[in-house]
Amino acid sequence: MQQTSEQALTAALHRAMAADERVIFIGEGVATKNPELLAAFGAERVRNTPLAEASIVGCAVGAAAMGLRPVVDLLFSPFLMLAMDALVNSAGKLGPLSGGQFEFPLVLLARTGAGWAIGGQHNHNLEAMFVHTPGLQVLMPSTPADTAGLLAGALAQPRPTLLFSDIGLAHDTGDVQGDELLLPGRAAVRRRGDAVTLVGYGKTVNHCLAAAQALQADGLGAEVIDLRSLKPLDTATVLASVRKTGRLLCVTEASGLCGLAAELCAVVAEQAFAPLKAAPQRLTGPDAPALASWPLEQAAVPQPEQIAARVRALMNTQP
Amino acid sequence: VKAAAMTSSDALARLDAMLLIRAYEEQLAATTSARQPGTCTSVGQEACAVGVVGALGANDRMLTNHRSAGHLLARGADPERLFAEVLGRATGYCGGHAGSLHISARELGVVLTSTIVGGGLSLAPGVALAQKRGAQPEGITAVFFGDGAACQGIFHEAVNLAVTWRLPLLFVCENNQWQAYVHRRETMPGEHVADWVQGHGLAAEVVDGNDAEAVHAAATHTVAALRADGRPRLLELTTYRQRGHFEPDDQAYVCATEHAQWLARDPIQRQAQRLRLPADELAGRRDAAGRRIAQAYTAALAAPWPQQA
């Protein structure tokens, strides 16, 4: 069946709540906006909250440690900044610091990325901040099926998980079976090729695929990897691809400094230096807040033409 | 007569519990060194821990904070395992991973200790929610915090959520006059946190936190009321942090007059006076607590370090 990511996510949550009564859904307006979940599972398990992220996430972290499996809709990723203590200092640390007495099986949902022209306090690709934080899982799928699968996979593993949705992909539909289960930590090879490895996540996967299409006209076969899971990070799939192609271009909407693209370039330089035919490359968003105007917002995202141009330059580079 | 005798033996048990906490804290304060990280002691606040924790049941949960030893010992924690935790040994309650600042003991119902001021306040509503939905719906949650944490925004968020969602949560504010190195007068209006929560619709009571019997009586009726209607409550215990924020601390910043006034209201002395305990009997009980603590500390020092992962 064809569904948007949001529809696939809601359906996956419905299945999870039906299968496991420990799963509760809380957040700003989740009961208001999901009458079918409210009707199916009641107001005790589908709860509207105050607009107060620190206590929403704190409550979820405390409840998770005591045996519930909260799914929290935090709406937009910048709102996570208000919940950092509960998420980073408690959920991320109190498992190991307590000598393993507590686990935190909770999932936080947040939207981010260009596509709705809502500006930098609702759109901020800050995934890497949480990748750098001990104890958290960080996921950002690019398809409706993966969104459903990763929600089920995150609920199957007792770890605090951030599941980001790309606003720019919100209107795209995709084929969803309705029984997806995808454990975090596995990238997907979306396109095979032997000339260059393109790595992205969220909307930049589609931009890489579009660039690969254009490069095919030049006779260049680009392999495209969709990370899906940023932590745990599937470096094996990236390394295997780069060992074949000898060239790497990482493409993120997030800014470059200390980001996922930098990490993958470092991993490839450390572990697959010999096969490299050129230095690993990054193409990223700017170190600046997202601006609201549509063309300015789009200009901050690596576009297919830029990706193709970087690949052509990369093909002419000698090591 | 029978009731009075009962009260007297309970009061004596509370005195012993306070003596044990005092001896534990003084042991750590006396032996602070590079290999034994400094601690935040609860000296002077023993009546708060003993009075409230003694009013909780086995199915209740509690969240403590960086000043946790009193709460843990009052709950029945083994001093040797507490020392081992502070000393970073494998036999500690958290395998030596928590140190002195984040000690939790799930087996005792002491959960999710955060050393971030107000950290426990963020987690406590979720613990209470899980209890309400879980296997022991009659259980309540008590969260201990100070006047410093009450100045965090999360205090008001947690109170709002607990009242709105009718969570079985007891807020226990130990108003100990000091917020790290700053006196409460510099950081908050008025004398009492309890005044702030009236607008939230949270029932609150201010109690003399240096009177173990008063604290225990208030906690007992508050817990009973909470258990009966499932609505949260706040107990504010007026007390005083006799030692520094973090050992070692010369307390050069403390007002000597105020300090002396509070030492004269020491909770252990007051309990001994209430019980009309002869000086030699008090000394004997103090020595017994000291011996138990010294043995526990020696044993903890001999415990193995944790293995590296």
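Where a number appears in this text, it was derived from the coordinates with a stated rule and is not lab data. Computed from a predicted structure; not experimentally measured. Ideal geometry is used to build each Cβ from the backbone, glycine not excepted, and the neighbour counts take in all protein chains shown.
A:V46's amide H: which non-local residues (gap 5+, or another chain) put their own amide H closer than 5 Å, with H modeled 1.01 Å from N in plane and none for Pro or chain starts?
When sequence neighbours closer than 5 places are left aside, the close amide H contacts are A:F25.
Rounded if a/c is under 1.5, else prolate if a/b is larger than b/c, else oblate: which is the protein assembly as shown, with a ≥ b ≥ c the root eigenvalues of its Cα gyration tensor?
In terms of gyration-tensor shape, prolate.
So, in Å, what gap is there between the alpha-carbon centers of region B:84-133 and region A:55-101?
If you average the Cα positions of each part, the centres end up 14 Å apart.
So what's Rg/Rh here for chain A, counting alpha carbon atoms and using the Kirkwood radius for Rh? Don't skip to the answer; put the middle values down first.
Details: Rg = 19.6 Å, Rh = 20.0 Å.
A ratio of 0.98.
Within 10 Å of each Cβ of A:47-56, how many other protein chain Cβ atoms are there on average? Mind dumping the intermediate values first?
Numbers: counts 2, 0, 3, 5, 0, 7, 1, 8, 16, 5.
Mean shielding count: 5.
Per DSSP H run of n ≥ 4, the term is -39500 (n - 2.57); total these for chain B, divide by its residue number, and report the mean residue ellipticity at 222 nm rounded to 500 deg cm²/dmol. Provide the component values of the computation, followed by the final result.
Working: 11 runs with 139 residues, N = 309.
For chain B, the value works out to -14000 deg cm²/dmol.
Which of the peptides A:40-50, A:206-216 is most tightly packed, and how do the rest follow, judged by the mean count of other Cβ atoms within 10 Å per residue? Walk me through the intermediate numbers first.
Values: A:40-50: 16.1, A:206-216: 21.3.
Ranking, from highest mean packing down: A:206-216, A:40-50.
Calculate the mean, over all residues of peptide B:95-106, of how many other protein chain Cβ atoms lie within 10 angstrom of the residue's Cβ. Please list the in-between numbers first.
Numbers: counts 6, 1, 7, 6, 1, 0, 1, 7, 3, 7, 3, 6.
For peptide B:95-106, the averaged partner shielding equals 4.
If you put +1 on each Lys and Arg Cβ and -1 on each Asp and Glu Cβ, how big is the dipole of region A:192-319 around its Cα centre, in Debye rounded to 20?
On the way: 11 positive and 11 negative charges, 58 e Å.
So the magnitude is around 280 debye.
Please get the size of the charge dipole for the protein assembly as shown, origin at its Cα centre, with Cβ charges of +1 on Lys and Arg and -1 on Asp and Glu, quoted in debye to the nearest 20. Numbers along the way, then the final one.
Working: 51 positive and 59 negative charges, 192 e Å.
So the dipole magnitude of the protein assembly as shown works out to roughly 920 debye.
Sort B:19-26, B:210-217 for me by packing, meaning the mean count of neighbouring Cβ atoms within 10 Å per residue, highest on top. Write out the running numbers ahead of the final one.
Working: B:19-26: 24.5, B:210-217: 21.5.
The packing order, highest mean first, is B:19-26, B:210-217.
Among A:M129, A:L227, A:P105, whose Cα sits farthest toward the positive end of the charge dipole of chain A (+1 at Cβ of Lys/Arg, -1 at Cβ of Asp/Glu, about the Cα centre)?
Of the listed residues, the answer is A:L227.
Using a 10 Å cut-off on Cβ atoms, rank the peptides A:128-136, B:180-188 from the highest mean neighbour count down. Before the final figure, lay out each step's value.
Details: A:128-136: 18.7, B:180-188: 12.7.
Top of the packing list down: A:128-136, B:180-188.
Go through A:N48, B:T91, B:C255 and say which Cα lies farthest out towards the positive end of the charge dipole of the protein assembly as shown; charges sit on Cβ, +1 for Lys and Arg, -1 for Asp and Glu.
Checking the options against the dipole of the protein assembly as shown, the answer is B:T91.
Mean projection of the alpha-carbon convex hull of region A:1-104 over all orientations, in nm²? Could the numbers behind the result be given before it?
Details: hull surface 28.6 nm².
Across all orientations, region A:1-104 yields a mean hull projection of 7.2 nm².
Taking Cα pairs under 8 Å and at least six residues apart, what relative contact order does chain A come out at, in percent? Mind dumping the intermediate values first?
On the way: 712 pairs, mean separation 52.9, N = 319.
Across chain A, relative contact order equals 17 percent.
Grab the DSSP H runs of chain A that are 4 residues or longer, score each as -39,500 (n - 2.57), total them, divide by all residues and round the 222 nm result to the nearest 500 deg cm²/dmol. Each step should come with its number before you reach the end.
Working: 12 runs with 117 residues, N = 319.
My calculation for chain A gives -10500 deg cm²/dmol from helical runs alone.
First check a/c for region A:174-319, with a ≥ b ≥ c the square roots of the eigenvalues of its C-alpha gyration tensor; if it is under 1.5, answer rounded, and if not, answer prolate when a/b is larger than b/c or oblate otherwise.
Details: a/c = 1.30, a/b = 1.08, b/c = 1.21.
Taking the square roots of the gyration eigenvalues as a ≥ b ≥ c, region A:174-319 is rounded.
Lysines within cross-link reach of A:K244: Cα-Cα under 26 Å, excluding same-chain residues under 8 positions apart?
A:K203, A:K231, A:K277
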